[in-house]
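Note sheet for the following structure.
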Amino acid sequence: MSTIHAPKQKLGVLMIAALGVVFGDIGTSPLYAFKEAFLHGLTPTHENVLAILSAIFWSVTMVISVKYVWLVLRFDNKGEGGELALLALARRHTRRTLPRWSKVGAILGVFAAALFYGDAVITPAISVLSAVEGISVATPQFEHLIIPITLGILISLFMIQRFGTAKVGSLFGPITLVWFASLAILGLISIIKTPQVLQALNPLLALSFTLQHPAAAFVLLSAVFLALTGGEAMYTDMGHFGARPIRLAWYGLVWPSLMLNYFGQGALVIRHPEATENPFYFLAPEGLLIPLVILATMATVIASQATISGAYSLTRQATRLGYLPRIRVEHTSDSESGQIYIASVNWLMLLGVLLLVLSFGSSSALAAAYGVAVSGAMVINSLMVILVALARPNQRIRHMIVGTVLVCSLFEIMFFASNLSKIEHGGWLPITMGIVIFTLLMTWKKGSQLVADHRRKLNITMRKFITDQHSDIPRVPGTAVYLASNPNLVPSRLFYNIKHYGVMHQQIVFLHVDNEEVPYVEEEDRLRVTGLAPGIYSVGVRFGFREDPDLTKALRGTVDYQLELPTDSTTFFVARTALVGCEGVLPYWRCALFGWMMRQSESAASYFNLPPEQVVEIGTQVSL
């Protein structure tokens, strides 16, 4: 279950744990965000430095502190956050009040989820690469080792995923705490030397620069936006820690530490304009440079771990909501259900990350690609929050939420537009990845709906089956459990048994799984058992989209309804569907894509954790 209801005495522990998982990504932005502004031809003058710092401070304040931390964290789905959780929330709220916008919200949510995968691949590459690049500052003669070291760290990171992160995870919070303390101290020391840098708190400096140099300001927005990347993770990881620990950690430590470091970098550049080459590492005394590189590398590995775990969670949620085929999920912890491992996702991500590092070669080259994915997801997130808010009955609260989000959206739209200007320099990558993944998600959803329609045409209604009773068919000892996608229809597998063997089992159970648009289902609401006729039962099992559909465990509760399912005489009949032809309902390429995805789908028996020795799989063929 979610930790959102954790006891108050655990608040401090949750805050420390949240530092590593929630803030790892945005916490490593000082490594590359500020220096990127000067890689676009901007002269590091006193006025320009103050203008950039002013833009960073007020952008982080409005988009992260106000929109995400203060407002969006209130839009939880039974304690859970993230794009798909917001999608489920939006569909539930708009289905009745704004039916026309419900489908629009679903499409937006799926595309935002698709963009997240692009973010999850780029984050490890740019984060680890930017940290290891500190070697060139500490020991320039080893600069040629940056790429090999980066590749080695990334390969090791993905290799250990299958062992789980429980032990490593216990170190994440303390290490990140040291990281943020280091950010604050380094920045504060530099600010004390050049206190006039605090003039950048004035928002008019950023506005004045924009009015005087609109073209340059537009291009620079993509660099300024890098200071915000990772902020969306606060909402995604809300279910792990709860909104309150995240808010307290952000306002109490993370936000001040980040701002002190950015302002410290600005103060350094005012004193030494040549420091724009790598202002973060030049903040450190020479004797502490190597330890800082090591600490930064550890922090970026933690940030990468958070996005990798997020990709696993998002994949499981997409499967539960019907946007991906069944995929094997391995649990890496006996106590934490959220610690999972998905091999196919892991190796595909590793391949993508390695290709990015080898293709782009530096964190600066990757920066353009990074901003497009995150800024696009942020804009979509705002639109979905507005949809949910418009469906609320309280007019005053509705206007307050919509007004606040619209103001913050102005920043996000400008950032997204600025990042789009870098399409040819790498921004095409996350857009392309997003379109490809979006196509996969929507193709599976549409194809699955068509297969379900096909089955409905073949199957008879449950009412007709019960009415007919089939009293002339002999009964054999034992229990037959038929997995049914629709509780109102009788699965064709039962009729195959009657047709080929001329018998029915003494006890028949029609088992239907409901995938709810909530993260978790209470145990007392898990089962619904209905007696249809003597020896014939209908069993409904409900799972939230954050839960693993373990039918073996769930069906143990049938004894409370006087329904026994003895292991030695119960057989589960499941279907394996194969696509054998495309008849024009879907375009041929999309039909072929759906067929390929069907072949990659994990079997129902394995996905629902049914005992292998009690399963009979029957193949069915469909043509779309």
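The values are calculated or read from the model by the stated rules, or taken from the named source; none is laboratory data. Everything numeric here is computed off the predicted structure, so don't read it as measured data. Cβ placement follows ideal geometry from the backbone for every residue including glycine, while neighbour counts extend to all protein chains displayed.
So, in segment 501-556, how many residues would count as being in a strand (DSSP E or B), without any contact (Cβ under 8 Å) to a residue 40 or more places away in the chain and not hydrophobic (A, V, I, L, M, F, W, C)? Going through segment 501-556 one residue at a time, the tally reaches 10. Checking each residue in segment 483-530 for being buried (at least 20 other Cβ atoms within 10 Å of the Cβ) and on the phi > 0 side of the Ramachandran plot picks out no residue at all.
Take E80 and decide whether it is of a type in the set (D, E) and surrounded by 24 or more Cβ atoms within 10 Å (Cβ to Cβ). Taking the combined requirement at face value, the residue satisfies it.
Yes/no matrix, rows are residues, columns are (1) more than 20 Å from S623 (Cβ to Cβ); (2) surrounded by fewer than 18 Cβ atoms within 10 Å (Cβ to Cβ); (3) touching a helix residue (DSSP H, G or I) at 6+ places or on another chain (Cβ under 6 Å); (4) aliphatic (A, V, I, L, M):
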residue	(1), (2), (3), (4)
F572	yes, no, yes, no
C582	no, yes, yes, no
P587	no, yes, no, no
R590	no, yes, yes, no
A605	yes, no, no, yes
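For (1) among the β-branched types (V, I, T); (2) in contact (Cβ under 8 Å) with a residue 40 or more places away in the chain, each residue gets a yes or a no:
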residue	(1), (2)
D568	no, no
A575	no, yes
L579	no, yes
S601	no, yes
N609	no, yes
I618	yes, yes
Q621	no, yes
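For segment 395-428, taking the residues that are more than 17 Å from E36 (Cβ to Cβ) and among the aromatic types (F, W, Y), the one that is surrounded by the fewest Cβ atoms within 10 Å (Cβ to Cβ) is identified as W428.
Would you check if G322 is within 16 Å of the chain's Cα centre (by Cα) and surrounded by fewer than 19 Cβ atoms within 10 Å (Cβ to Cβ)? Considered against the rule, which asks whether it is within 16 Å of the chain's Cα centre (by Cα) and surrounded by fewer than 19 Cβ atoms within 10 Å (Cβ to Cβ), G322 comes out as yes. None of T210, T229 is of a type in the set (S, T, Y), assigned to a loop (DSSP other than H, G, I, E, B) and under 19 Å from L53 (Cβ atoms) except T229.
Contact annotation: residue pairs with Cβ atoms under 7 Å, 6 or more positions apart or on different chains, pairing a residue in segment 270-282 that is touching a residue at least 40 places away in the same chain (Cβ under 8 Å) and in the same structural domain as E47 (by TED's automatic domain parsing) with a partner that is charged (D, E, K, R) and surrounded by fewer than 18 Cβ atoms within 10 Å (Cβ to Cβ), are R271/K193.
Which is under 28 Å from R162 (Cα atoms), among the polar types (S, T, N, Q) and in a helix (DSSP H, G or I), of S359, S364, S418?
S359
The number of residues in segment 5-49 that are at pLDDT 75 or above and of a type in the set (K, R) comes to 1.
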